[in-house]
Amino acid sequence: MIAEHPVIQILIPLLGAPLCVLTGRGVLAYWLALACSLASLFVATRLLATVMATGPIVYELGGWAAPWGIEYRIGPLNSFVLLLVALLGAMVMLAAKKSVESEIPGDRRHFFYAAMLLCQTGLLGITITGDAFNVFVFLEIAALSSYVLIAMGHQRRALYASYQYLIMGTIGSTFILISIGLLYQMTGTLNMADLAARLPAVGDTRTVLVSFAFFMVGVSLKMALFPLHMWLPNAYTYAPSIVSAFLASTATKVAVYVMIRFLFSIYGPAFAFDRIGVSQILGSLALVGIVIMSAAAIFQNNVKRLLAYSSVAQIGYIVLGISFASENGLTGGIVHLFNHGLMKGALFLVVAAVVYRVGSSDLNAFRGLGRAMPVTMFLFVLGGLGMIGVPLTVGFISKWYLILAAIETGHWLAVALVLLSSLLAVIYVWRVVEFAYFQPRDRDSDPVGEAPLSMLVPTAILVLATIVFGINTEWTVGVARAAAVFLLGGHA
Amino acid sequence: MSEQFGLFNYWVVITLMMTGFYIVIARQNLVKKLIGLNIFQTSVFLLFITMGKVRGGTAPILDKTIEIYSNPLPHVLILTAIVVGLATTALGLAIVVRIDHVYETIEEEEIHDIERGIKR
Amino acid sequence: MSHEMTLLIAPLVPLIGAALVSLTGRSPNLRETISIVTGVVLLLLVAPLAPAVMNGARPEAVVWEVLPGLPIAFALEPLGMLFALVASGLWIVTTLYAIGYMRAHDEPSQTRFFACFAIAIAASVGIAFAANLFTLFIFYEALTLSTYPLVTHSRTNEAMRAGRVYLGILFTTSICFLLLAIIWTWFLTGTLDFTPGGILAGKADPMTIGILLALFAFGTGKAALMPFHRWLPAAMVAPTPVSALLHAVAVVKAGVFTVMKVVVYIFGLDLLTETGVNEWLIYVASGTIVLASLIAMTKDNLKARLAYSTISQLSYIVLGAALATQASMIGGSMHIAMHAFGKITLFFCAGAIYVATHKKNISDMEGLGRAMPITFAAFFIGSLSVIGLPPLGGMWSKWFLVLGAAEAGRMIPIAVLMVSSLLNVAYLLPIPLRAFFRAPKGLAPGETLTFSEAPLLCLVPICVTAIGCIVLFFYADSVYRLLEGMG
């Protein structure tokens, strides 16, 4: 059974999606989608356990051997990302019912759940596959379904945000397609392992250089690396709250995964870092992004938008770690990829709960919630402390490795700016805290109750995870380090 | 010169690509932007198909008389990409229809003005 | 119970106390009983460790390894022992006082208050027991966070702004400097354990050592070294028991404790004197001592004056660390205890005056001595101890500091200590003297003051700590013998 797990991982949500449409009813579709998400989480857990115990898994789709058929290749890195996507998918789905009922019209709910499952399929597929063209296909599945999901937001600006994202996203993935085409032209293969083996021989050709350039721009668009992040704040602000929670914690992370995978196990560190010197440009963009986007987050008056800007900044942290191309840097980047997914998922779920109760994610809507929704806001504070990087939260672990890597490689400016941006994080998190705890609610506004249990529990699980993995790092850091060693040593 | 001519398809690819890209960036009309996006994507299809062409080759049919044939794989890939492009265009147009419905315009500037509260 | 077990359990006790306090919020009497019982249990756990440490025992216990080579671990040594004793001992007294104060004031959200208070004590004990910089940093940040709700207790706009300054400065320094210094040290040495003799010797050039010392000294914002002292006066917006315990004992002492501990166990006294990087720290500490005293003189608000006095006194301890001699180190460490008793007495008095009369400003307190003789007598004793006159505990720490400065052959610190004592006299003594010997303001002839002493629950703790100041004068010997084992 375990041998078939890689394909089951993809099939569950892929088959679940049309079934959701067939149910034709929101409630049925919800339970189906929830069952699929939980099953998918179960499979992802088993996969990670197997990979950590017995090494990488190779699965040939349809029984076709590698250069001809599509190969799923699961190592420590992608099983880690798989788990993140499946975990967030399940937690967000757990919380979805009430929020979706209040934000999505009844006749569209089953489509909504179908799109959620398709989006999961896409993200899981990108992560699991070992075939470059397959990456593009899954990238588009994820992207198309997320355009649909964002357009379902109840404000009319959601439509325009979705349109913008569609244009930017399509340009990004087409760039990636061009890059894959050029790689195929030079090597005659689409299998990632084969690509890695054949590229060094043709590494000096202009075609490979051009493909690299197209890839970097395309993937930067996809992961919203500053300054190609323009689509993200609007998309996350106007999307239905549940969608924001899911996309913010997984979509950009998976794009970062694609970058790591291409940089290290296709182009190879020798080409990307030593010959092209991608470190400098990635590192500088990341640093500028971290500071400017953290600063921008401070000035937002909508908590969703605030968190969106913070997401762009946090992508900067991950990219910064990668740009060091050292063991500690890569460990920090990968572990932050996971950790930030947990934190942002939790924070966006808190906002979803507030939107459910108060009807708005505006900063003013948070007035007095410290009293009205004590548990929810306490979870927000804990999640926010993680963003700041207070010890015993996951944020601290990531920061520790990033700073250590920066000191190791002598990037003192990076050290200073990462620390500075932690302070900016204090400010933007505390703005929300002050509104929730120090400002009274308007007298004439309706009384607000605690968030429903169905939303509190998944949020609490994620917040708890940010603390547990902040204390017990053996597992997260262990996997990230294994992945880093594998990436650096595998094809150096 | 013959070498330049041999790269004719690639020149077309670049021209189409830049044209499409320019339209996406420069046009204000949401439908025109989508048209640009389509031209842009089409150029990539052409790129793939061109690289699959082998000089003097025919269609890849399993037959003893055929020795040189074009690489079929890019064609297959591009079939997938065309489907993806179709889906994107369809979705994009659907969104534009809804935008037209709620904003009663499909001009980018006007949407911005409406959101900023400026009446025309 | 073995000493190792005690190390593990002691920080947990106040945490359990905090949980029980939150659960029993509906019944204030039960809640307060739990607070006091927790305090007593904690003291009973911590106190028996002292004789063992004095005899050279160094119990250690690992809680959990967070990152490879970076465990949360506890290890007891004399300095930590002293800090733990002071914090846990004074907690009981303060709890009594807080009950009286909060009830007399009818403050809201008392459950949150007592729960956060207990968490703050847990963090302080954690800092005292920390076996490495990593553990210390965790509890250091926990202390900042757990005291934030206390500082902003009133939830007014003023409290919110004070909270911003509080959190802003403490987080800025700890994140930008302290954390950097810790990671840098880890990078250089591969360990963060507090080791007698230090761990940095031979691992870095003098230039790096100098920068690290600066990062540690300024990074410990809780030590209130100028120019990072503004949070302390800002925090005075908190209810007085908070100011008393946290901003005269737990929080600020956690800061100077960190500086002292880092100097002794991370740098090592020898390394500092050999490289001479401590030079500037001596001047910064001296400067803070004099400047803060001068500012204190200008403050009419009693708590603000006490806050600046605290800033000045904290730098005594930093100075003790910076001088890097055996005597100065002991003097500085001793001052943690001596100043704690003196200053908490003064804060208790300030709170008692406020409870009884609602007066905050010194100029309004003239003549109050007749109405509140016990309070002002205690204030007088506390002042003398802070000034450093016999027969009060504060004398000894100053004595050893001067001795240490002489040992290091430095005249300036000696002069600074002298001048500072005079300034202390100038800004502290007039308060009780005026209260006793001047006539109350604005009183018609024949009219008498309508005030009387604060409630008994406030008064008893005041007497206890005031007597403590005197007792410490006579028992300074045991503190000295405890601290002798340092380094």
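Quick rundown of the values:
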quantity	calculated
Residue within the range A:430-439 that is among the charged types (D, E, K, R) and either under 19 Å from A:SER361 (Cβ atoms) or surrounded by fewer than 21 Cβ atoms within 10 Å (Cβ to Cβ) (or both) present	yes
Residues satisfying the stated conditions in the range A:385-428, i.e. more than 20 Å from the chain's Cα centre (by Cα) and farther than 23 Å from C:ILE211 by Cα	A:VAL390, A:PRO391, A:LEU392, A:LEU424, A:VAL426, A:ILE427, A:TYR428
Scope the range B:20-38; condition surrounded by 19 or more Cβ atoms within 10 Å (Cβ to Cβ) and farther than 19 Å from A:PHE136 by Cα; matching residues	B:GLY20, B:ILE23, B:VAL24, B:LEU30, B:LYS33, B:LEU34, B:GLY36
Conditions (1) crowded, with 24+ Cβ neighbours inside 10 Å; (2) at the interface with chain C (Cβ under 9 Å from one of its Cβ atoms); (3) under 30 Å from A:ALA96 (Cβ atoms); number of the one not met by A:ASN472	(1)
Among residues of the range B:97-120, those that are in a loop (DSSP other than H, G, I, E, B) and in contact with a helix residue (DSSP H, G or I) (Cβ under 6 Å, 6 or more places away or on another chain), counted	1
Only one of C:ALA337, C:ALA371 that is touching a residue at least 40 places away in the same chain (Cβ under 8 Å) and surrounded by fewer than 24 Cβ atoms within 10 Å (Cβ to Cβ)	C:ALA371
Helices (runs of 4 or more DSSP H) (entirely within the range C:351-451) containing at least 1 residues that are over 27 Å from the mean Cα position of the chain (by Cα) and farther than 26 Å from C:ARG103 by Cβ	C:411-428, C:430-437
Of all residues in the range A:33-66 being more than 20 Å from A:LEU83 (Cα to Cα) and among the hydrophobic types (A, V, I, L, M, F, W, C), the one that is surrounded by the fewest Cβ atoms within 10 Å (Cβ to Cβ)	A:ALA65
Top-ranked residue of the range C:118-153 - restricted to ones that are over 17 Å from C:LEU8 (Cβ atoms) and among the polar types (S, T, N, Q), ranked as nearest to the other protein chains (Cβ to nearest Cβ)	C:THR152
Matching residues, the range A:146-205, being assigned to a helix (DSSP H, G or I), in contact (Cβ under 8 Å) with a residue 60 or more places away in the chain and either among the small types (Gly, Ala, Ser) or touching a strand residue (DSSP E or B) at 6+ places or on another chain (Cβ under 6 Å) (or both)	A:SER146, A:ALA158, A:ALA161, A:SER162, A:GLY169, A:ALA193, A:ALA196
Listing of helices (runs of 4 or more DSSP H) fully contained in the range B:1-88 that carry 3 or more residues being within 20 Å of the chain's Cα centre (by Cα)	B:8-26, B:30-52
Qualifying position, being surrounded by fewer than 24 Cβ atoms within 10 Å (Cβ to Cβ) and closer than 18 Å to C:LEU417 by Cα, among C:ALA327, C:ALA356, C:ALA322	C:ALA327
Any hit, the range A:447-456, residues being under 28 Å from C:CYS176 (Cβ atoms) and either away from every other protein chain (no Cβ under 12 Å) or at pLDDT 90 or above (or both)	no
Unique residue being closer than 19 Å to A:MET152 by Cα, touching a residue at least 24 places away in the same chain (Cβ under 8 Å) and crowded, with 22+ Cβ neighbours inside 10 Å when the list is A:LEU123, A:LEU88, A:LEU118	A:LEU118
Long-range neighbours under 6 Å by Cβ, at least six apart or interchain, first residue away from chain A (no Cβ under 14 Å) within the range C:41-68, second polar (S, T, N, Q) and not in a helix (DSSP H, G or I)	none
Filtered residues of the range A:400-412 (kept if facing chain C (nearest Cβ under 8 Å) and either polar (S, T, N, Q) or under 11 Å from A:TYR317 (Cα atoms) (or both))	A:ILE403
Condition broken by A:GLY181, with the remaining ones in (1) modelled with pLDDT of 85 or more; (2) of a type outside the set (Lys, Arg); (3) surrounded by fewer than 24 Cβ atoms within 10 Å (Cβ to Cβ) satisfied	(3)
Condition check for C:LEU76: in contact with a helix residue (DSSP H, G or I) (Cβ under 9 Å, 6 or more places away or on another chain), more than 14 Å from every other protein chain (Cβ to nearest Cβ), buried (at least 21 other Cβ atoms within 10 Å of the Cβ) and among the aliphatic types (A, V, I, L, M)	yes
Hits in the range C:241-299 - residues which are modelled with pLDDT of 90 or more, within 27 Å of C:ALA142 (Cα to Cα) and of a type in the set (Ser, Thr, Tyr)	C:THR258, C:TYR265, C:THR288
Unique match (being away from chain B (no Cβ under 11 Å), more than 16 Å from the chain's Cα centre (by Cα), within 30 Å of A:ILE57 (Cβ to Cβ) and modelled with pLDDT under 90) among A:ALA193, A:ALA132	A:ALA193
Residue within the range A:203-212 that is within 30 Å of A:ARG305 (Cβ to Cβ) and either surrounded by 24 or more Cβ atoms within 10 Å (Cβ to Cβ) or within 11 Å of chain B (Cβ to nearest Cβ) (or both) present	no
Qualifying residue in the range C:248-257 (condition: over 26 Å from C:THR465 (Cα atoms) and away from every other protein chain (no Cβ under 14 Å))	no
Which listed residue, of C:ALA98, C:ALA115, is within 14 Å of chain A (Cβ to nearest Cβ) and assigned to a helix (DSSP H, G or I)	C:ALA115
Any chance C:ALA104 is free of Cβ contacts under 8 Å to residues at least 60 places away in the same chain, of a type in the set (A, V, I, L, M) and surrounded by fewer than 18 Cβ atoms within 10 Å (Cβ to Cβ)	no
A:GLY218 being within 12 Å of another protein chain (Cβ to nearest Cβ), free of Cβ contacts under 8 Å to residues at least 12 places away in the same chain and either within 28 Å of A:TYR59 (Cβ to Cβ) or in contact with an Asp or Glu (Cβ under 7 Å, 6 or more places away or on another chain) (or both)	no
Tally, over the range C:164-189, of residues that are more than 8 Å from chain A (Cβ to nearest Cβ), without any contact (Cβ under 8 Å) to a residue 40 or more places away in the chain and buried (at least 20 other Cβ atoms within 10 Å of the Cβ)	1
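Listed here are the residues, each with its yes/no results for (1) in contact with a helix residue (DSSP H, G or I) (Cβ under 8 Å, 6 or more places away or on another chain); (2) of a type in the set (Gly, Ala, Ser); (3) within 9 Å of chain A (Cβ to nearest Cβ).
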residue: B:VAL12; (1), (2), (3): yes, no, no
residue: B:ARG27; (1), (2), (3): yes, no, no
residue: B:ASN38; (1), (2), (3): yes, no, no
residue: B:VAL44; (1), (2), (3): yes, no, yes
residue: B:ALA59; (1), (2), (3): no, yes, no
residue: B:LYS64; (1), (2), (3): no, no, no
residue: B:PRO74; (1), (2), (3): yes, no, yes
residue: B:LEU77; (1), (2), (3): yes, no, yes
residue: B:ILE95; (1), (2), (3): yes, no, yes
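The values are calculated or read from the model by the stated rules, or taken from the named source; none is laboratory data. Everything numeric here is computed off the predicted structure, so don't read it as measured data. Virtual Cβ from ideal backbone geometry, glycine too; neighbours counted across all protein chains shown.
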